[in-house]
Every structure is written in C-alpha cells, then in structure tokens.
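Everything below concerns the one structure shown next.
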Amino acid sequence: MTKRLVDTSKIPGWGVDADPKNNPTYPIRHIEDQKDRGLTWTRPSQQIPQVEVLRSIEHNRLPAVIGTSTPPSGLSGAIRRYAFRRSESDWWHWLLLMGADRINVVEGVVEDLTRGKLPNIPGEMGARSEWQHNKKGFVLKAGATLAVGIALVAAFRRGGSRQDNQPAPAVATPTDPDSVPHIPY
C-alpha cells in the first residue's frame, strides 16, 4: 500500500461543507438568533429516581425523565453495572449489555417457574405474528427447533443406555500389602 497524495479538488463533493454559507445545517448551528426562532425552552424538572438507575460515564447528569420499571438485579444487573463503568464508545460496553439482556430473559423464565407460573414462551416470542406474516420462516424455525430437540433426546438416551448396559468394573482389594506391585516413578 502506497501513501500518495490525492488531489481533493478532483473528488466530486469533497469539502462541500467547508464553507459555512454553503452548509445547509449552518443556520441550525448558528445560535445567536435562537430566541427569535423560538428554539429556547426550559429544562423540565428532574424526576427523582426511587430505584437504582444506571448512568453512562459520558453524561454528567440523568435525563429529565428516566425509566424505573426494571431496575438492575441479579446476574444481569451485575453485568449491566460493570458495562456502565465502560465508555459507550467501547464495544465491550454494548456486548455486555446485550449479554445481560439474554441473561435477564433466562432469569425471568426461572422467576416465573419459581412462582408457579408457566411462561408462554412461544407467545412472548411472537409465534402468532410470525405465523401470520412469515409462514415459511415459522415452519423453518419450528423444524430446526424440532430437529435439535430430537437430536438432544437421542443423544441423552444413547449416552444413558450405554452406561446402563456396561457391567461395573471389578475393583481388586488386595489383602496382602506385599502382593501390590511396586511401580517406580
């Protein structure tokens, strides 16, 4: 790869926003006349959180209105707290948050089961809408899920039956300590 100079005047559209008079967003960024255009507003009063709210390290304050319906809890909450110690520009921040979402789903199913409630997983995953709008995709997903389930059941049965059919290994218990062969290391 060579580093040669490029004549930017020959590239169409290069530097179109260099001149503020030619920039279509310049009036919006020009803040001296915002009062005349009605672009001033007073910040709403701050909502006082009653639960833990995670805040990005890039922002020095919370927004005026915050979501408090699902505070961080359990393993997913611990992962979220760790993710919010990282910058939003760090891809680990977002991977950790996506992983915490997946773990939170499992935690929710386990919580439902411990309360004696059987979760409607197909309904929550949108099976009815999938069937209504994407029948081919629904059949493919259902077939793949069924095939994986059958393969898992077969693997467990084969592994369990092999273990049951084999006789237990005989364990020799010598009575004379001199009859045990000595193996030098």
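The values are calculated or read from the model by the stated rules, or taken from the named source; none is laboratory data. Just so we're clear, the structure is a prediction, and the values are computed from it rather than from any experiment. Positions of Cβ are generated from backbone atoms using ideal geometry, with glycine treated the same way; all protein chains shown enter the neighbour counts. Only protein heavy atoms, including side chains, enter the accessible area calculation; ligands, DNA and RNA are left aside. Shrake-Rupley method; radii C 1.70, N 1.55, O 1.52, S 1.80 Å.
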Cβ-Cβ under 8 Å pairs, at least 6 apart or on other chains, the range 119-140 side under 19 Å from ARG102 (Cβ atoms), far side aliphatic (A, V, I, L, M) and surrounded by 12 or more Cβ atoms within 10 Å (Cβ to Cβ): PRO119/VAL109; ILE121/VAL109
Of all residues making up the range 125-142, the number that are outside any helix (DSSP H, G or I) and either at pLDDT 95 or above or more than 25 Å from PRO71 (Cβ to Cβ) (or both): 2
PRO122 farther than 30 Å from THR42 by Cβ and at pLDDT below 95: yes
Some residue of the range 67-80 being more than 17 Å from the chain's Cα centre (by Cα) and at pLDDT 90 or above: no
Subset of the range 71-120 [in a helix (DSSP H, G or I), among the polar types (S, T, N, Q) and open to solvent by less than 90 Å² (accessible area, probe 1.4 Å)]: SER76, ASN104
Qualifying residue in the range 159-179 (condition: open to solvent by less than 90 Å² (accessible area, probe 1.4 Å) and either within 30 Å of LEU54 (Cα to Cα) or at pLDDT 90 or above (or both)): no
Candidate set from the range 121-136 (those that are among the charged types (D, E, K, R) and over 21 Å from the mean Cα position of the chain (by Cα)); member that is most open to solvent (accessible area, probe 1.4 Å): ARG128
